[in-house]
Each structure stands twice: as structure tokens, then as C-alpha cells.
Amino acid sequence: MIKSIKRITAAVLFVSITVSSMFFMTSCKKKGTSSKNRIVVFNYGDYIDQTLLDKFEKETSIKVVYEEFLTPEAMYTKYKNGAVDYDLICCSDYMIDKMIKEKEVKKIDYDRMKYIKNIGKKYWNLSKSFDRTQEYTVPYYWGTVGILYNTKMMDYVPDSWDALFDKKYKNNIIMQNSVRDSFIPALVRHGYSINTTDKNELKTALDDLKMQKSIVQSYLVDEIRDDMANNQAAMGLIYSGEASIAQDYNENLEYVVPKEGSNIWMDSWVMPKSGKNYDGAIKFLDFLCREDVAMTNFEYIYYSTPNEAVLNQIDDEEKAERNAIFPSDDVIKRCKIFSYLGKDAEEYYNNLWKELKVY
């Protein structure tokens, strides 16, 4: 039974938990509360069932100070600012790749995690592209990037990235307000890698995005899900999990990963080197891998889970109906994970993105 409807209250929860987190962190500094009695967690917005934080606290007597961010880049900036000593951060593959290469994370003692066995081997293999020695991460959720479209507003299936550049759908296209994600269609439609650093290829992609800008309704992130569910656009570039949630609210929505290929992403947990409570962080990671906890979280988030104990409880019919979060092997084969491309390439991408925004 899908319970993603609970996520409607995310904005309220985000405000309340952020306020309570700030109060708790302030009170801790004033009263000198030991770091052994709390962990500080940094995660994407609306990316955990909040009831699980209370459950963990009741089971372990460890307080969870919880903060949220919108994009990997925003996370990294705040983390590097050093104002908060995070014990755990959940983020995307390429940013984790960057943090590992910069030696910003600690090794995880998997031997202390009873339930780590629930994470399937295929997902560990997927994470090797950014955690090459398999020492620094715990897989959380994964998925693809594709096109969510309204069958009542389109007269063809957008199974090619070219659809997002179709002038026929002017002001009916939503793009991601994210550098790497928005470059996917523009690169892959030309046969270029999503990890290219070739300036000529990137210039070609930028030219496409500039041309496309005049027909794009908006550049959004989480709001794409809601706008598509409310018939605000014909199609949008979206993460598979968000697409699946939108489909719960609008029966006319379908999701497709274009035939040219796309991005397959893996969000994982890491332990920043600045964290103060290693033992508490290990306990929280193991807690998230536990079958009952992972199932509760899956029913709330409803993204593709790497937890085999949860997957074994989902029947084949539901998997077949939910192609967005249960993609076929064929879809997976034509998708690639983002890599961290180095400081110079990262800066170049960001400059291209700024150029697009002011175009």
C-alpha cells in the first residue's frame, strides 16, 4: 500500500523540525550537552519518514538533530562552512565522489552493523563508481532521471530527449533547476556522455539549452512533482521517485527514460570527518537498514530501495505497474552514474549554467 500521501505535509514538517533543531543545537551549546547523546544529520528535504527519528531516539536515547538541504551544491557549501559538525550526510553519487577524493569522510565499520546485510549486492556494485574501495558509504535510495508526461496533453510518447526541445510544447515544459541534471538531455541527445568535460560538446549542449529556454515554462526541483500532478505542464525532467509520487495523484501521468540513455543515481550516507559521534552515527545507519524501519521509510518516500528485505515483500504485479521506481534491466543498462569531474570541470559547468540563467 502506497503511503506517499503523507509527504504533502513536508513543508510544515521541514519548518518545525528546522526550528526545533536550531533550538536544540543552541541549547546544547549553552548547557554543554555531550555529543554522545546526539547525532547531527544532514539530508535532502522530505527524504525520511520523520516518525523514524522519534523511534530511533526512543530506542537509543540518542537525540537526532536533523537539517535539510535542497541540492548537493548547497549541502557542500554549508558543510565546508564548518559551522555545524555533521555526523551523517546523505547526498548524491558525484558529490560523495568529490568528498571521498577530498578526504572529507571517515571509513564506516560495517562489521558493527547487524542489518547491513539487507543491502543487495547489485546496489553495492552500483556504488563502486563513486565509492571505489567500498569503505565510505551506505546506499540509501536510487533511481533514474527521465521525462514525466501527461498523456492528455501530448500527442506522442516522449521516448527521446528531443521531446524536451519540441517548440510545439512551448510553455508546457519544466526543467530541473540543477546544473548536471539539466545538461543530461542536451548532452545525451547528441550522443555525448553525461560526464563529458569536452568543451566543444558542452558548448553544443549549452546552445541547445539556450534555444530551449524560450519554450521552458520554469526551472524547478521538488515542485516539478506537484506541478505535473496538477496539470500545469505537459512534461518535465524529473527524478523517478518524484515521478512515481506524482502518478499517485494524476492517472494521466506516465514516466519514460528516453531511448538515448540517461542518468542512474545513487544517494548514500557518509560520515563527515568533522562528526563528533561515530558510535551514534553507526547505530543510526544500522537502524535505517533494519527491515521494519526500511519498510516504513520506503512506504513514505517510495523511491527505489536497495534494501532486499523490503524488496522481497513487494509483489511482482506492483513492480510491473511501477516502472518509474522498478525500472527494467534494459533501462538500467542504458543509464550512467554521474562522476565528480574535478574542480576545473565543476567550475566550467557552473559558469555555463550561469550563462544560461542570464541568457
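Coordinate-derived values only; no laboratory data. These numbers come from a predicted model, not from an experiment. A quick note on method: Cβ atoms are made from the backbone with ideal geometry, for glycine too, and the neighbour counts reach across all protein chains shown.
Some observations on this one:
- All other residues whose Cβ lies under 10 angstrom from that of R38 are scored, Lys and Arg at +1 and Asp and Glu at -1, for a net of +1.
- Structure note, pairs K259/K333; K199/K354; K213/K336: Cα-Cα distances above 20 angstrom occur for K213/K336.
- Cα gyration tensor shape of segment 227-288, rounded if a/c is under 1.5, else prolate or oblate by comparing a/b with b/c: prolate
- Taking label positions 7 Å along the Cα-Cβ direction at both H190 and K117, the computed distance is 5.1 nm, reported to one decimal.
- Debye equation applied to the C-alpha atoms of segment 36-117, log10 I(q)/I(0) at 0.19 Å⁻¹: -1.01
- Spread of Cα-to-Cα distances over 5 Å intervals beginning at zero, given as percent, for segment 31-75: 6, 19, 26, 21, 15, 11, 3
- A Cβ-based charge dipole, computed about the Cα centre of segment 195-284 with Lys and Arg at +1 and Asp and Glu at -1, lands at about 520 debye.
- Counted charge near Q176, where neighbours are those whose Cβ lies closer than 11 Å (Asp, Glu -1; Lys, Arg +1): -3
- Hydrodynamic radius (Kirkwood) for segment 257-359, which is based on Cα pairs only, to one decimal in Å: 17.3
- Pairs of alpha carbons in segment 94-147 separated by more than 13 Å make up 64% of all such pairs.
- Here segment 132-208 is treated with +1 on each Lys and Arg Cβ and -1 on each Asp and Glu Cβ, and its dipole about the Cα centre works out to around 160 debye.
- Mean silhouette area of segment 148-258, derived from the convex hull of its C-alpha atoms and averaged over all directions, reads 6.2 nm².
- Counting every pair of alpha carbons in segment 70-227, the share spaced more than 29 Å apart comes to 34 percent.
- Cα gyration tensor, segment 183-326 - rounded (a/c under 1.5), prolate or oblate: oblate
- For a label point 7 Å along the Cα-to-beta-carbon line of L70, residues of segment 194-231 with backbone N under 13 Å: 219-224
- Net charge over other residues, Cβ less than 11 angstrom from the Cβ of S61 (K, R count +1; D, E count -1): +3
- Only one of [x] 78, 45, 43; [y] 99, 49, 39; [z] 60, 47, 37 was calculated from the structure for Cα extents along the principal axes in Å, and its label is [z].
- Of the three principal axes defined by the Cα atoms of segment 153-209, the extents in descending order read 36, 21, 16 Å.
- Simple spin-label estimate for A83 and E135 gives 3.3 nm between the two label positions (7 Å along the Cα-to-Cβ direction from each Cα).
- Stretchable slack from D248 to E57, in nm (0.36 nm times residue separation minus alpha-carbon distance): 65.6 nm
- Remark: the chain carries a charge dipole of roughly 1320 debye about the Cα centre, counting +1 on each Lys and Arg Cβ and -1 on each Asp and Glu Cβ.
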